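Right, one structure below, let's go through it.
The values are calculated or read from the model by the stated rules, or taken from the named source; none is laboratory data. Note that the coordinates shown come from a computational prediction; the quantities given were computed from them, not determined experimentally. Virtual Cβ from ideal backbone geometry, glycine too; neighbours counted across all protein chains shown.
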Amino acid sequence: MRIHFQIGILLFSLLGCKEQTSQPDPLDPFDRWKSYNYHDYTIDQVRMCFCPDGGQTMRITVRSDTVSFVRKLSDSSQVLYPASRLYLTVDSLLAIIRTSKTDSLVITYNAQYGYPERLDINPQLHPVDGGVLYQTSNLHIP
């Protein structure tokens, strides 16, 4: 009888406990990125394509939502205009995603900040013609 009483108390206490679950973040990645209100930051970006410097990791400095400086990490050399315009801000990457109507996109977002860590545009065309993969990482806020 005593064992049944203890089992009953145990079951009652287990039923009374609420399972703690984390609620999914209601913000989509674009809204999450915008909620941080970052306008000045650095990111590392690799542009995989059949193009000059394809596959090289670049450190991109963004000031006032504009790419202000691009540096090749392998040798610290500066990437000059017009080649520097091939590297994109987070807002530019998100704009590609939001406005794309014909491109095939494969996207992986950063869970914390919402920026696209991997944006593969027309992956079926790699490396023949027109496809490009942006890998973005190492967000740093000054």
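So that you can scan it fast, the table gives a plain yes or no per residue for (1) within 17 Å of ILE107 (Cα to Cα); (2) of a type in the set (A, V, I, L, M):
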position: HIS39; (1), (2): no, no
position: VAL46; (1), (2): yes, yes
position: ILE60; (1), (2): no, yes
position: SER64; (1), (2): no, no
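Exactly one of these conditions fails for LEU80: (1) surrounded by 10 or more Cβ atoms within 10 Å (Cβ to Cβ); (2) at pLDDT below 95. Give me its number.
Answer for LEU80: the failing condition is (1).
Which residues, taken from segment 49-72, are surrounded by fewer than 18 Cβ atoms within 10 Å (Cβ to Cβ), in contact (Cβ under 8 Å) with a residue 24 or more places away in the chain and assigned to a strand (DSSP E or B)?
Residue satisfying the conditions is ARG63 alone.
Within segment 34-48, which residues are outside any strand (DSSP E or B) and closer than 21 Å to ARG98 by Cα?
Selection gives LYS34, SER35, TYR36, ASN37, TYR38, HIS39.
Does TYR41 meet the test of being aromatic (Phe, Trp, Tyr), over 20 Å from LEU133 (Cβ atoms) and modelled with pLDDT of 95 or more?
For TYR41, the condition - aromatic (Phe, Trp, Tyr), over 20 Å from LEU133 (Cβ atoms) and modelled with pLDDT of 95 or more - is met.
Matching residues to (1) touching a strand residue (DSSP E or B) at 6+ places or on another chain (Cβ under 8 Å); (2) within 17 Å of ILE43 (Cα to Cα):
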| position | (1), (2) |
| --- | --- |
| THR66 | no, yes |
| LEU73 | yes, yes |
| GLN78 | yes, yes |
| SER84 | yes, yes |
| THR89 | yes, yes |
| SER92 | no, yes |
| ILE96 | yes, no |
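Any idea which residue in segment 83-93 is surrounded by the most Cβ atoms within 10 Å (Cβ to Cβ), counting only those that are modelled with pLDDT of 95 or more and among the aliphatic types (A, V, I, L, M)?
VAL90
Scan segment 26-58 residue by residue and report those that are farther than 16 Å from LEU73 by Cα, under 16 Å from the mean Cα position of the chain (by Cα) and of a type in the set (A, V, I, L, M, F, W, C).
LEU27, PHE30, TRP33
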